[in-house]
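Participant: Sharing a structure here in structure tokens format.
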Amino acid sequence: MSSSSSSLYQWIDSAEALDAACQQVADADVIALDTEFFRENTFFPVPALIQFASDEVAYLIDPLTTPCTESFKALLQNSAVKLLHACSEDLEVFQHWAGVLPTPLVDTQVAQAFLGENPGMGYQKLVEQWVGETLPKEETRSNWLERPLTPSQCEYAALDVIYLLKVWALQAEKLEALGRREWVDSECAGLIEQAGRSVENDGQWYTRQRQLWRLAPRQLEAYRLLTKWREGETRRRDLPRNWLVSDKLLFAIAEKMPKNRYELAEVEGVKPTLVKKEGDTLLAWVKQALHCPESDLPARWPDPMHPAFKRRFKAVKKVVTDKAAELHIAPEMLLRRRDIEALVMQQLAGKPLAELSGWRDSCLTHAIHQALEELSE
């Protein structure tokens with residue numbers, strides 16, 4: 001162990017030290033995890049520190065000198081609950097550095113969202129609410145890639161995982177009392193499933209765009225193909241998305257459907273360097289959409305301002321909002337806007353509504369069906 005260790009943490013800077021630390025927590029029922037990383041000029045987060053703890057001592061792994069070992073991979077996937085807070089980017093770090101995802105997972109931000117009406121509560125506020133302690137904030141914006149880390153940085157990183165255990169012990173008790181522990185487990189299993197399907201998700205990236213209703217089916221297919229290509233390329237080249245080409249620009253290209261470099265250069269925001277480097281590729285995707293058989297094109301996205309869509313959206317949203325108020329949770333923990341839109345689109349297309357999974361089914365399905373049937377009468 002490094003000389004920078006203290007009673008609060010142990011510094012891990014070798015594979016041997018990491019394996020020894022894994023032995024120390026091998027029998028734990030709950031393991032708290034956190035990461036510090038840098039992400040400005042890459043697609044993947046660059047890991048700068050990996051923290052874990054099962055009691056009052058945190059282990060701080062230096063990923064700049066320490067490879068992920070088989071022992072640590074096994075620890076990430078053993079039967080102990082893995083605790084994280086606001087885990088989406090941390091999961092990317094583990095996927096990239098360790099090659100596996102921590103499971104079974106509990107995200108304390110998700111747990112909090114099922115215990116109150118603030119679905120995005122920050123970690124410091126969470127600790128204040130549950131433990132009554134104020135964590136130091138000075139190191140929040142630290143350069144975690146610098147070495148050596150200061151004792152203050154190390155203590156900050158250690159407290160992050162040590163207090164996570166304290167918060168979860170109290171949250172778990174309340175969730176059990178409310179009968180909502182299963183909700184959290186189900187939601188967090190979904191987060192792991194999504195994170196593990198990142199390449200598959202590339203084909204769905206286009207659905208994040210709020211203006212899809214402006215595109216005809218052929219334009220929509222072009223935008224879908226362009227965003228799918230961009231996601232794969234930025235991952236392959238390890239570049240931030242906007243360094244290659246932004247969603248806004250891909251949307252503008254899909255709207256114009258250029259057939260040659262001259263027309264591509266005419267699209268607002270397209271610079272000569274983009275035409276030179278990526279022009280042929282972008283035009284090839286547009287061409288593929290232009291030649292796509294009619295039967296394979298996506299359905300037109302409904303205009304959110306169209307009266308028929310608006311009425312149904314409002315009706316489903318009211319069901320969700322009323323139920324959320326009854327449960328004292330944020331409406332988006334029941335159904336996100338995107339999910340409501342998908343249900344309304346299915347109903348307008350005359351398709352059977354997709355079944356809601358697990359606990360959401362008993363909470364919402366009957367009331368949503370009833371609300372939509374009343375509008376159709």
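Participant: Which value in Å does the Kirkwood hydrodynamic radius of segment 201-296 take, with 1/r averaged over all unlike C-alpha pairs and then inverted?
Facilitator: 13.3
Participant: Compute the angle between helix 181-196 and the longest alpha-carbon principal axis of the chain, please, reported from 0 to 90 degrees and rounded to the nearest 10.
Facilitator: 70
Participant: Could I ask something else about it? Rounding to the nearest 10 and keeping the result within 0 to 90°, find how far the Cα-based axis of helix 247-256 lies from the longest principal axis of the chain.
Facilitator: Relative to the chain, helix 247-256 is tipped by roughly 10 degrees.
Participant: I would also like to ask the following. Starting from segment 106-214, pick out the GluC sites (Glu not before Pro) whose DSSP state is loop and whose Cβ has at most 16 other Cβ atoms within 10 Å.
Facilitator: Here the sparse-neighbourhood loop sites are GLU117, GLU133, GLU138, GLU146.
Participant: Based on Cα positions only, what radius of gyration and what Dmax would you give for the chain, in angstroms?
Facilitator: 24.0, 74
Participant: Another one. Only Lys, Arg, Asp and Glu count, each charged at its Cβ (+1, +1, -1, -1), so figure out the dipole size of segment 271-377 about its Cα centre, rounded to 20 debye.
Facilitator: Dipole about the Cα centre, nearest 20: 520 debye.
Participant: Run the numbers on the chain and let me know its relative contact order in percent, using alpha-carbon pairs under 8 Å that are six or more apart.
Facilitator: It comes to 14 percent, rounded to a whole number.
Participant: Once the dipole of the chain is set up with Lys and Arg at +1 and Asp and Glu at -1 on Cβ about the Cα centre, which of ALA86, GLN23, THR69 lies farthest towards its positive end?
Facilitator: Among ALA86, GLN23, THR69, the one farthest towards the positive end of the dipole of the chain is ALA86.
Participant: Antiparallel DSSP bridges in the chain: what percent, to the nearest 5?
Facilitator: That works out to approximately 50 percent antiparallel.
Participant: OK, next. Using a Gaussian network model of the chain whose springs link C-alpha atoms within less than 10 Å, name the residue from VAL131, VAL46, VAL161 with the highest mean-square fluctuation.
Facilitator: VAL131
Participant: Which of the listed residues, VAL46, CYS363, ALA98, is farthest toward the dipole's positive end in the chain, when Lys, Arg count +1 and Asp, Glu count -1 at the beta-carbon?
Facilitator: Farthest towards the positive pole: CYS363.
Participant: Can I ask one more? Quick one: helix 88-97 against the long Cα principal axis of the chain, what's the angle to the nearest 10°, folded into 0 to 90?
Facilitator: Here the helix axis deviates by roughly 70 degrees.
Participant: Looking at segment 1-143, send over the antiparallel percent of its DSSP beta bridges, to the nearest 5.
Facilitator: Among the beta bridges of segment 1-143, antiparallel pairing accounts for roughly 50 percent.
Participant: Now for a separate question. In debye, nearest 20, what is the charge dipole magnitude of the chain about its Cα centre with +1 on Lys and Arg Cβ and -1 on Asp and Glu Cβ, if you could check?
Facilitator: My answer is approximately 2160 debye.
Participant: Here's a follow-up. What's the lysine pair count for segment 9-196 at a Cα cut-off below 23 Å, pairs eight or more apart or interchain?
Facilitator: Lysine pairs meeting both conditions in segment 9-196 amount to 9.
Participant: With the dipole of the chain worked out from charges on the C-beta (+1 for Lys and Arg, -1 for Asp and Glu) around the Cα centre, which of PRO352, LEU164, PRO307 lies farthest toward the positive end?
Facilitator: Of the candidates, PRO307 comes out farthest on the positive side.
Participant: Nearest 20 debye, what's the magnitude of the dipole of segment 1-53 about its Cα centre given +1 on Lys and Arg Cβ and -1 on Asp and Glu Cβ?
Facilitator: Once rounded to the nearest 20, the dipole reads 140 debye.
Participant: Step by step: find N for segment 307-376, compute 2.2 N^0.38 Å, then divide the Cα radius of gyration by it. What's the final number?
Facilitator: 1.01
Only the coordinates and a few stated rules stand behind these numbers; no lab work does. Only a predicted model underlies this, so the values are computations on that prediction, with no experimental measurement involved. With ideal geometry, Cβ positions are generated from the backbone for all residues, glycine too; neighbour counts draw on all protein chains shown.
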